[in-house]
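Read-outs: derived from the displayed coordinates by stated rules, not from any lab. Small disclaimer: the values here were computed from a predicted structure and weren't measured. Methodologically, a virtual Cβ is constructed for each residue, glycine included, from the backbone with ideal geometry; neighbour enumeration extends over all protein chains shown.
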Amino acid sequence: MPAQVLELKPAAVPVASVYKRVQSLKVPLWPAALLIILAGVYGWASGRQHPVHHYVPYVGYPLVLDTTTGKACYATTPKPSDDPSVPTGPYIPMCDK
């Protein structure tokens with residue numbers, strides 16, 4: 001039974017050349033590390049404050065379920081009904097408002 005060998009293509013830019021260029025910049029380690037840590041903290045905090053909302057169909061087209069919050073909302077303004085009565089059920093808001 002022949003053995004299959006995985007052949008890897010060489011990287012577009014060798015790691016050694018990138019390392020040499022970074023070393024030639026003469027940037028101290030602590031500001032670079034601080035910048036990376038601050039970027040990570042900012043990304044984490046912005047994700048907590050403004051989570052990505054994901055909507056899935058709930059009952060019909062205009063009504064969708066926001067899986068982030070677990071609440072139903074209207075994707076578009078629903079069409080008015082022919083019945084002129086006052087709505088008696090709970091109020092369902094528009095999405096992202």
Nearest 10, in degrees from 0 to 90: the angle of helix 15-24 to the longest Cα principal axis of the chain is 80 degrees
Net dipole in debye of the chain [+1 Lys, Arg Cβ; -1 Asp, Glu Cβ; about Cα centre; nearest 20]:
700 debye
Which residue, Tyr19, Ala72, His50, has the largest displacement toward the positive end of the dipole of the chain when charges sit on each Cβ (Lys, Arg +1; Asp, Glu -1)?
Tyr19
Solution diffusion estimate, µm²/s, Stokes-Einstein, the chain, Kirkwood Rh from C-alpha pairs, 10 °C, viscosity 1.306 mPa s:
79 µm²/s
Can you give me the angle between helix 29-49 and the longest principal axis of the chain, using Cα atoms only, in degrees from 0 to 90, rounded to the nearest 10?
10 degrees
Towards the positive end of the charge dipole of the chain, with charges on Cβ (+1 Lys, Arg; -1 Asp, Glu), say which of Val59, Pro31, Ser85 has the farthest Cα.
Pro31
Leu63 versus Ala75: modelled label distance in nm, points set 7 Å from Cα along the beta carbon direction:
1.5 nm
